[in-house]
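Engineer: One structure follows; several queries about it will come next.
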Amino acid sequence: MAFGKNIGGAAEYVVIPALALLGALAAFGIFAALFGKDPIDLYFFMYQGAFGTWFSWQNTLTRAAPLILTALCTALPAQLGMVIIGGEGALLIGGLCATAAALVVQGAPPLLVDVAMAIAGMLAGGLWIALSGALRQFRGVNETISSLLLVYIALAVLNFLVEGPMRDPSSLNKPSTREIGAANMIGAIPGTDVHWGLVFGLVAAALAYVLIFHTTFGFAARIAGGNVRAARIVGLNVGRLVLIVCLLAGAAAGLAGMVEVAAVQGRANANLAVGYGFTGILVSFLARHNPLAIVPVAILLGGINASGGLLQRRLGLPDASVLVLQGMIFVSVLMSETLYGRFRIFARKEA
Amino acid sequence: MADAGIGLWGVPLAVLGGAVRVSTPFLFVSLGECLTERSGRINLGLEGTLVMGAMCAYGVSYLTGSPWLGVLAAGLSGVLMGGLHGTICGLPRVNDIAVGIALMLFGTGLAFYLGKPLIEPNARMLPAIDLGAWSDVPQVRAALKINALFVIGVVLAPLLLWALKSTRWGLILRTAGESADAARAMGYSVNAIRLRATMAGGFLAGVGGSFLSLYYPGSWNEGLSSGQGVTAVALVIFARWNPMLCFGASLLFGGAAALGPALQSIGVTQGYQLFNASPYILTLLIMIVTCSPKRTLVGAPAELSITK
């Protein structure tokens with residue numbers, strides 16, 4: 001009986017988000033139809049652009065890699081009941097510091113350079129989000145607002161350094177830092193065009209899952225997330241939990257920034273701020289902040305991002321149509337929260 | 001001659017003028033958010049409403065030739081966004097902060113989508129009131145050019161304070177914000193009150209957006225708003241949910257936001273990007289100083305999830 005109970009409960013967490021997703025896709029079809037686009041064409045090109053060919057699959061997976069990492073930036077603090085939405089800021093600072101590290105140790109063997117980049121990116125991103133956590137813990141500052149404000153501050157720091165002290169004088173059109181060098185780029189997984197960042201993302205998601213659900217630390221974090229007062233009564237150091245979780249969350253987003261520099265851009269510039277941090281928030285909510293569920297959801301959202309180009313070329317939809325769809329999915333997923341426990345089919349059998 | 005003579009004095013003058021100019025969207029968004037939060041709900045989506053308002057105002061002003069119709073359209077788009085927020089939050093077990101984040105992304109995306117054709121054309125701008133006509137110094141004249149929406153905002157702030165304090169609907173709104181149970185016991189629907197407060201707040205935020213596209217910076221593009229909506233939400237906390245204090249805080253933030261452009265105008269080419277972040281840094285610092293983990297804030301509506 002216990003087995004059946006678990007299946008029912010788990011199915012609810014798959015079926016309801018799936019319904020929400022379908023609802024959002026339907027709404028997007030109606031939206032496109034209002035602008036004179038055939039919804040059937042729309043869905044066809046979305047599928048083609050996301051998962052239709054090996055080429056689009058590779059494009060999708062390349063975009064999913066940073067999304068997994070930025071989603072973890074929202075999902076980990078969510079275990080503690082915190083809503084952190086500043087992954088974009090940690091990504092920018094992480095990418096910037098990773099670039100700086102690469103430029104400092106440029107002559108070293110490539111592996112060493114990449115390790116230095118990863119450490120710098122994760123440390124910088126981690127401290128960036130830990131700042132939000134510390135402000136919440138020690139000053140009672142709302143972490144949602146502070147983490148979002150830090151995004152804008154990170155953007156200003158990036159612009160300042162890239163246009164000023166760190167600027168490569170030869171970058172005329174788009175101010176950028178010097179390049180980290182082709183030898184130091186992390187390449188593609190053999191047989192594909194997908195870079196190793198995807199593997200970083202998968203490993204990070206798996207580690208986060210183990211940490212949250214199979215260690216005492218994760219158990220303590222979830223207790224503190226459920227009821228802070230109870231956690232204090234049983235003697236948990238909630239402040240320490242908050243700081244460590246935020247540090248890890250920011251490190252994930254910082255690693256996303258490092259990956260974008262070391263695998264895609266090759267240098268730091270404003271191209272880093274394309275919104276992976278914001279889409280990551282949606283991924284985390286859609287995955288109900290479960291680190292394992294984040295992987296398929298990130299691939300799905302990566303696919304939607306990847307299909308934007310095809311929608312633009314074949315249907316003449318503006319590039320912002322992807323943002324509209326993402327917004328619709330987000331709204332629809334939150335609305336579906338109200339459905340939990342309402343379907344008898346999923347009802348847990350009471351003794 | 002006058003231009004050369006004024007020199008460094010141009011910076012404080014530009015900051016002062018900028019405080020008036022740049023504060024207007026802060027003022028409208030924070031007044032709107034103040035209204036919504038007083039009813040016990042927080043709308044983080046006002047950033048999206050602001051951008052939607054800017055786009056609608058620009059589009060309608062361009063199509064009709066009347067900037068004031070644009071302002072009205074911006075307000076109405078805000079009502080729709082607020083209505084969406086209020087309706088979704090009215091469902092059981094839906095978190096208002098998360099819905100706000102969703103609408104922030106949705107509103108910005110929708111505005112970029114619908115606003116694509118508006119990047120090129122020129123729309124009619126809102127008028128300004130020239131209070132500096134007596135002066136020969138162009139910087140003084142520029143600083144004293146007061147826009148009409150700012151004047152409306154200045155009138156609106158005390159009006160809102162009075163309405164919240166002394167009118168019947170103000171009392172009902174505050175009751176919903178202080179104790180949902182009390183409002184229910186009096187026979188009012190808490191959801192309906194909050195829905196209306198969010199719609200009214202959305203109207204004001206939309207109007208704030210119209211200022212961005214129709215006065216300053218006075219064009220429509222995708223980089224138009226960068227966090228003014230979010231800053232305004234934090235500003236309400238700093239202003240202790242008091243409309244008059246929102247006005248003062250908006251001026252302060254406007255001055256901070258004007259610092260970067262003012263330095264750029266006197267020829268500072270390095271580091272002005274950091275000054276562009278000054279409103280956000282200021283917001284963070286103010287929140288650090290005024291918040292406390294040990295007690296709830298003075299003046300905070302008791303039902304508000306952000307201060308619990």
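Any read-out appearing in this document is the output of simple, stated calculations on the displayed coordinates, not a laboratory observation. Please read all numbers here as calculations on a predicted model, not as lab measurements. Positions of Cβ are generated from backbone atoms using ideal geometry, with glycine treated the same way; all protein chains shown enter the neighbour counts.
Engineer: Net charge near A:Ala78, counting Lys/Arg +1 and Asp/Glu -1 over other residues with Cβ under 14 Å of its Cβ?
Structural biologist: +1
Engineer: Hey, if you drop one equal point scatterer on each alpha-carbon of segment B:2-290 and run the Debye formula without solvent, what base-10 log of I(q)/I(0) do you get at q = 0.09 Å⁻¹?
Structural biologist: Evaluating at q = 0.09 Å⁻¹ gives log10 I(q)/I(0) of -0.43.
Engineer: Partner chain Cβ atoms within 10 Å, averaged over the residues of B:112-118 - can you pull that number for me?
Structural biologist: 4
Engineer: If you take each beta carbon of peptide A:136-147 and count the beta carbons of other chains within 10 angstrom, what is the mean?
Structural biologist: 6
Engineer: Let me ask something else about it. What fraction of the Cα pairs in segment B:201-308, stated in percent, has a spacing above 21 angstrom?
Structural biologist: Percent of Cα pairs beyond 21 Å in segment B:201-308: 44.
Engineer: Specify the inter-centroid distance of segment A:6-68 and segment B:40-83, based on alpha-carbon positions, in whole Å.
Structural biologist: About 29 Å separates the Cα centre of segment A:6-68 from the one of segment B:40-83.
Engineer: Which whole-number percentage describes the relative contact order of chain B, with Cα contacts under 8 Å and a sequence gap of 6 or more?
Structural biologist: The normalised contact order for chain B reaches 36 percent.
Engineer: Sticking with this one: For a quick protection proxy, order the peptides A:72-84, A:198-210 by their average other-Cβ count within 10 Å, most packed first.
Structural biologist: Final packing ranking: A:72-84, A:198-210.
Engineer: Related question: Any idea which of A:Asn290, A:Ala98, A:Gly140 is furthest toward the positive side of the dipole for segment A:62-309, if Lys and Arg beta-carbons carry +1 and Asp and Glu beta-carbons -1?
Structural biologist: It is A:Gly140.
Engineer: Suppose we keep just the alpha-carbon trace of chain A; what are its Rg and Dmax in angstrom?
Structural biologist: Answer for chain A, Rg first and Dmax second: 21.0, 74 Å.
Engineer: D for the protein assembly as shown, whole µm²/s, Stokes-Einstein with Kirkwood Rh over alpha-carbon pairs at 37 °C and 0.692 mPa s: what number?
Structural biologist: 128
Engineer: Please list log₁₀ I(q)/I(0) at q = 0.14, 0.25 Å⁻¹ for segment B:30-71, using the Debye equation with identical point scatterers on the alpha-carbon positions.
Structural biologist: -0.42, -0.77
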